Every structure is written in C-alpha cells, then in structure tokens.
Amino acid sequence: MLLPESHQRLQLIQQAGQLIDDYYQRLEELPVTPEITSREIRKFLEPVDFEKEKDLSEVLDSTYEALRDWGLKVPHPGYYGLFNPAPSFAGILADLLAAALNPQAGAWHHNPFGVEMERHLIKYFAGRFGLPVDQAYGSFTSGGSEANSTGVLIALTRQFPAFTRQGLRALPGQPVFYCSEEFHHSFEKIAHTCGLGRDAVHTIKTDNDYRLRADLLQQTIQTDREQGLMPFMVVATAGTTNAGIVDPLDDIAAICREQSLHLHVDAAWGGAVILSDKLKGQLAGIEHADTITVDPHKFLSVPMAAGMLIARNGRWLADTFHIETAYVPESSEVGMDNYRLSHQFSRRLIGLKLFMTIASVGRRGYAKTMEHQVEMAGYLAQQLAERNWRVVADTSLAIVCFEDTNLDGRPHQQRSNAQAAMVDHVVGSGRAWISVTQIADRPVIRVCVTSYLTQTRHIDELVLLLDAARDSVDSVTD
Ligand SMILES: Cc1ncc(COP(=O)(O)O)c(C=O)c1O
C-alpha cells in the first residue's frame, strides 16, 4: 500500500514531473506573494479525513496546488528575499533520489558512498577556503544555525577541557564570545541552548561600513578579562544577513591568534563565492578560520535544508561529538561515522544535492551564476542611485540596502514607517518580494538577488515598482 505497483509509480513520477515543469514554466507570471488567510487554508485542511483512503494522484494534485498558491514563490525571479534560493534542478533530482533510496548517512558502514561523497565535498571546500586539506574535516548540517552551533561547541571543547564532562559550571568564570552587532541571531539561541546564556554574546560596534571594529574588539576582550570573564571565541561574519558585509577577517584573525581565541567565520551565505575566482577576494583572511559555516541552501542554490561546518582540524569534531554505543555496529573505516562527528544521529544524505549540482555545472558554472547575481545587484544599485534612492552599505555581493532620500531629515520612526509602507506597496503588487530591515539603527529597504533567474528586466520592473511606491507613500506623508 505504501509502495504502488511499478506502472503506477511511473505514472505518478511523470505526474509529479509535469507539475514541477508547469511550476517553472509559469513561475514568472504567477504572483510572488500569496493572498491568503489561515481561515482559507484550514477550510481546505479540515475536510482531509485521515480515516479514509484517497487516490495518491489526487492528493498529489491538490497538495501541489496548495503549495504553489499558498506560499511565497521562493524560486521566482522577483523574490528578493532572505537567502532562500531558486533550487538547482540537479539539486531537486538529488533530493528525489535521497528520498527514494533513503540512505542513512550517519554511519560509514550504512552508506559508504554517501559518506565518502560528502567527505570529498568537504575536503574540496576546505581546500578552496585555504584550510589544510589533510587535517580539515566537517559535516553537513540542517543549515547555518546547526553549523554555527557546532562551531560554538567545538570552541568550548577546545578551550575548556573540563567542559566536556563537567559542563560550564566547572569553569572558574563566565565564558563569553564576540560578534559584530550585525551578527546572525542564531548565536543568541545557541548561547541559550548550550547553557552559556544569552548574555554571553558580546556584540561589538561596527565602523561606517558596518564591519566589526577590530580596535573595539581588542579593548572589549581586555576589559572582559579584567572583570573575570573568560573570552573563548570570536565570530566574524563573511556576508552579513542584513547587507552582505564581510568583517575584516585578517585583523580579527590576528587578535584571535594573539589572544588564543577560537575564530569561527559565519560565511553561511557569503562563503559560496569562494568558488568564483572573481569574487573570492571578498573573503580574504578566511584561511585563518578555525571553523567555517557555509550553507549550500543559500548562495549555492540547492534545495533546503543544507548547511556545512568545516573545521581546520577534524579531530575537534571527534573530541566534541564522540560517543560509544553498543547498538551501532563498528564501521571498518575508522573516524568516518557522522554520528560521532556531529549533532545528528540519523541523517539525510544532505550533501547529495551539492554534489550533483557541482558535478554537473562545474565550479565555473556555479561561479558564473553567482557572478550574474552580483551583477544584477550592481545594476539595481546603479538604477537606484540615478533615481534619488541612497544605497547604504557598500557591499560587492548580491545585496542592496537603500533609503529614500526624500525622507532625509524626517524623524527615524517616520522614515521607518514610510519605507515599510513602500515595501508593502511593492509586495502587494505580487510582482516582487522585498523587505525592510535596520542596519545599525538605520531603517533601510533590503533587496537580495537570491534567485539566479533574475534578469535585468526584472530589476527594471522592481525599480518602477519602487518609484510608484515612493510616489504613493510620499503623497500620503507630505
Ligand atoms: C549569516 C547567517 N548565518 C547563519 C544563518 C542561519 O542559517 P539557517 O537559516 O540555515 O539556520 C543565516 C540565515 O540567514 C545567516 O544569514
């Protein structure tokens, strides 16, 4: 019952293939944002009676339509969003294969090919980042949050040997770590869940370009030590969530070396550009990292969920996650069991979608795609500058943050409200999804070219939408 007959399987796969193709053929004409209330969705769900069987073909059709119509269309060329990409087709096929064969990537002996394939990818990326390939190792994660959490746990384990068995209470002081004020908020949750407490995250002010101020970092570490706190790690961000800013990695690395602190680089989004010879210079200094987060499900355009944590020394993973169990058989390949090297036990073969994408498009294909997205952002920045929008934060990656110069001199709240109203106007058109954010207290509109399908005509359309939004909001606020 759970496995239909062969001819039905083929029909269903063909039907699913047709639906996916229909989605991508029509994507551009569909609205990016749904107009929907929870009431309507519940009205659809309530009659779904789990006491009765239903033909899978019908379930497939109706579920596809619900997913298509009642959610943001993330792959849409007009989705300028929060790093969720248009997925590569190779990645879609890989996820289908991974679901169908259901390989258990937790232990080498359960899926030698899967584990070796992920090892190959991790070593490849470690080499691109300039880490020592022989020693470096890592693991695929559910995303950036798990990878960052892995980085923090490795740092605690490295810095405080008593932490492993006795926990934080064995330490003579409160451990603290540092991020710029533009950090990703996963670190707050991580500090909470690993028992450090949220106050253990010390944020450092940024300079005029929104990069962590290394001088203030140095001073804060000094003051914290004098107060009996125990600094153990610095997080540098390579591609901030707000604006794609890269912290001064070389300067931060020098401080970490001098102060014997673990350097974690959160390159969840920006790290992908290491594949592009043209863009990788943005990440100069990343080779000094002890651990790096890079998420294939962001700028590397594979379907969610896929993160990666790479450590300079693979032994640190084993030190942090090692366990002995009677119920998992020993693998003949020592040191290659993911369940002893990472948070997860049972795990999906996450790396397959990255493997099949990079194996088919090649590094250069990937590089060209990202360079195109960066070019689209540059084109947008130029169009905006010509129309009295002010681009804020100089990033050479694919994000543009900007403000309306017509609002100069108005109070903060008024600027913030007016720009939010403009964004609502654009989103309400159904042609584009953009958002508002604050960079160091400055209200801005944020556009990230997350879909590799975005072309200049989509940017032109967005610029017209923004101008119309500004006209309509200005006429109300004047
Ligand atoms: C810089 C950065 N780090 C970490 C994360 C968290 O990644 P995830 O959402 O995959 O957990 C994000 C998410 O956008 C991010 O931008």
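FYI, it's all coordinate maths here, none of it is from the lab. Fair warning: this is a prediction, and the values are worked out from it, not measured in the lab. Here the Cβ is made from the backbone with ideal geometry for all residues, glycine too, and neighbour counts use every protein chain on show.
Here are some notes:
- Taking amide H as placed 1.01 Å from N in the peptide plane, Trp433 has its amide H under 5 Å from the amide H of Tyr79, Tyr80, each at least 5 places away in sequence or on another chain.
- When only the Cβ of Lys, Arg, Asp and Glu is charged (+1, +1, -1, -1), the dipole of region 276-326 relative to its Cα centre reaches about 220 debye.
- Annotation: amide H-H contacts under 5 Å for Thr141 (H modelled 1.01 Å from N, sequence separation of 5 or more, or interchain): Gly307, Met308, Leu309.
- For the peptides 466-472, 437-443, residues were scored by their other Cβ atoms within 10 Å and the scores averaged per peptide; the highest-first order is 466-472, 437-443.
- Sorted fewest first by neighbouring Cβ atoms within 10 angstrom, Lys368, Lys54 come out as Lys54, Lys368.
- Think of the chain as having a plus end and a minus end, set by charges on the Cβ of Lys, Arg, Asp and Glu; of Phe44, Val391, His343, His343 sits farthest toward the positive end of this dipole.
- Sorted ascending by nearby beta carbons within 10 Å, beginning with the fewest, Ser6, Ser139, Ser186 become Ser6, Ser186, Ser139.
- With both residues required to sit in the chain, DSSP beta bridges show an antiparallel share near 60%.
- Rounded to whole numbers, the Karplus 3J(HN,Hα) couplings from phi for region 277-287 are 4, 6, 9, 5, x, 4, 9, 3, x, 5, 5 Hz, using 6.51 cos²θ - 1.76 cosθ + 1.60 with θ = phi - 60°, and x at Gly and Pro.
- Remark: region 64-70, residue by residue, has Karplus-estimated 3J(HN,Hα) of 4, 4, 5, 5, 5, 8, 10 Hz, where x stands for each Gly or Pro and the curve is 6.51 cos²θ - 1.76 cosθ + 1.60 at θ = phi - 60°.
- Within region 261-344, the chymotrypsin sites (Phe, Trp or Tyr not before Pro) that combine a DSSP coil assignment with at most 10 other C-beta atoms in a 10 angstrom radius are Tyr327.
- Between Glu35 and Glu226, the contour length at 0.36 nm per residue exceeds the Cα-Cα span by 63.2 nm.
- The charge dipole of the chain, taken about its Cα centre with unit charges on the Cβ of Lys, Arg, Asp and Glu (plus for the first two, minus for the last two), comes to roughly 880 debye.
- Cα-centred dipole magnitude for region 22-167, charges only on beta-carbon of K, R (+1) and D, E (-1), debye, nearest 20: 940
- Annotation note: GluC sites (Glu not before Pro) in region 381-478 located in DSSP loop regions with a Cβ neighbour count of at most 11 within 10 Å are Glu386.
- Order of Arg119, Arg347 - criterion: other Cβ atoms within 10 Å of each residue's Cβ, fewest first: Arg119, Arg347
- Within region 245-341, trypsin sites (Lys or Arg not before Pro) in DSSP loop having at most 11 other beta-carbon neighbours inside 10 Å: none
- Length gained on full extension, Ala440 to Glu58: 132.5 nm, using 0.36 nm per residue less the C-alpha separation.
- All Cα pairs of the chain, percent lying beyond 28 Å: 57
- Under 5 Å between amide hydrogens, built in the peptide plane, is the criterion, and for Ser180 it picks out Ile204, Thr237 among residues at least 5 positions away or on other chains.
- Look at the dipole of the chain built from charges on Cβ: of Thr369, Ile221, Ser435, the Cα furthest out on the positive end belongs to Ile221.
- 3J(HN,Hα) from dihedral phi, region 441-456, Karplus parametrisation 6.51/-1.76/1.60, rounded to Hz, x for glycine, proline: 6, 9, x, 9, 9, 10, 10, 10, 7, 8, 9, 5, 7, 5, 10, 4
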